[in-house]
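Data first, discussion second: the structure below is written as structure tokens.
The numbers here are math on the coordinates, done by the rules we state, and not lab data. Values in this document were obtained by computation on a predicted structure and should not be read as measured data. No Cβ is skipped: glycine too gets one built from the backbone with ideal geometry, and neighbour counts run over all protein chains shown.
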Number of protein chains: 2
Amino acid sequence: MQAALEEARAADARDEVPVGAALVHSESGAIVMRASNRSIETSDPSAHAEMLAIRALCAELGVQRLPEYDLYVTLEPCTMCAGAIAFARIRRVVFGAGDPKGGAVVNGVKFFEQDTCHHKPMEIVSGLLEEECGDILRRFFRSKR
Amino acid sequence: MQAALEEARAADARDEVPVGAALVHSESGAIVMRASNRSIETSDPSAHAEMLAIRALCAELGVQRLPEYDLYVTLEPCTMCAGAIAFARIRRVVFGAGDPKGGAVVNGVKFFEQDTCHHKPMEIVSGLLEEECGDILRRFFRSKR
């Protein structure tokens, strides 16, 4: 999650919504991909941190599924990203701050609990480094007001 | 929807799940972007037809939002794509076949009805050329058995 937080800080420095993600090989614990939000930079409304990390690792490995990898992300994934996580068959999802307004894991549509979700991660952990992950976002949005 | 159907047939010919999409300028009616599923070809679990069409038009226009465009897609959007449609502020969504197993508009999480959805298209039309749109998919999956 420290790597994901570094990515969130990097997004902050680029004036993007500061969310970061890292993909970790479940068995070895090695961080194999990192990404942060680039929606503005790339003119891509789908360029969320976890979406970019999943796309990049899939492309690198030439696969569509990542069943041996865990996702760490500083903010609770949204509906779009929860869908992508399910399609990619991510093994574990660990997130920092919850997102009552846009989250889709423990908030909102709770996608992984639904019949139309075809893969539920074997473990979902919420609240890891919650304060740090949330603080970056709160500071960012406060500065925009 | 005929353009979206042509795209679905093109995906079929490439042995991808045959779903196609088109983006239309709401006022002029001009088709400005077309895309079809390329998940296998691009090793991208998020490379659904509507997602690719949205990404491509946003990139071309240098924007993250498409409030003046309507989306036509042969299959009911999934949870991931419904999220992307909301982020992109698509004006109208018109789809062909419903998808009880994975859809998220009139089936599943019915995302556009939820509090965590921050943009509901002004109109949602289902069932346009439903038979043709569904037949391509049924033939594809039958041939895989």
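See the values below:
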item: In range of the label at residue B:40: residues from the range A:57-73 whose backbone nitrogen is under 19 Å from the point 7 Å along Cα→Cβ; result: A:58-66
item: When each of A:101/B:110; A:120/A:144; A:120/B:110 is checked by Cα-Cα distance, pairs over 26 Å; result: A:120/A:144
item: Which of A:43, B:46 has the fewest Cβ neighbours within 10 Å, and the rest in rising order; result: A:43, B:46
item: Over the range B:69-145: Kirkwood hydrodynamic radius from C-alpha pairwise inverse distances, Å; result: 12.7
item: Mean residue ellipticity (222 nm) of chain A, computed from DSSP H runs ≥ 4 via -39,500 (n - 2.57), nearest 500; result: -10500 deg cm²/dmol
item: Cα centroid separation - the range B:56-128 against the range A:1-56, whole Å; result: 25
item: Computed over the range A:1-53, the ratio Rg/Rh where both radii use C-alpha atoms and Rh is Kirkwood; result: 1.02
item: Difference of contour (0.36 nm per residue) and Cα-Cα distance, residue A:3 to residue A:28; result: 7.4 nm
item: Nonlocal amide H pairs with residue B:20, under 5 Å, H built at 1.01 Å; result: B:8, B:74, B:75
item: In degrees, nearest ten, helix A:2-13 long axis to first principal axis of chain A (Cα); result: 40
item: Cα-based shape type of the range A:1-99, given that a ≥ b ≥ c are square roots of the gyration tensor eigenvalues and the cut on a/c is 1.5; result: prolate
item: Using distinct alpha-carbon pairs, which all enter the 1/r mean, Kirkwood radius of the protein assembly as shown in Å; result: 18.9
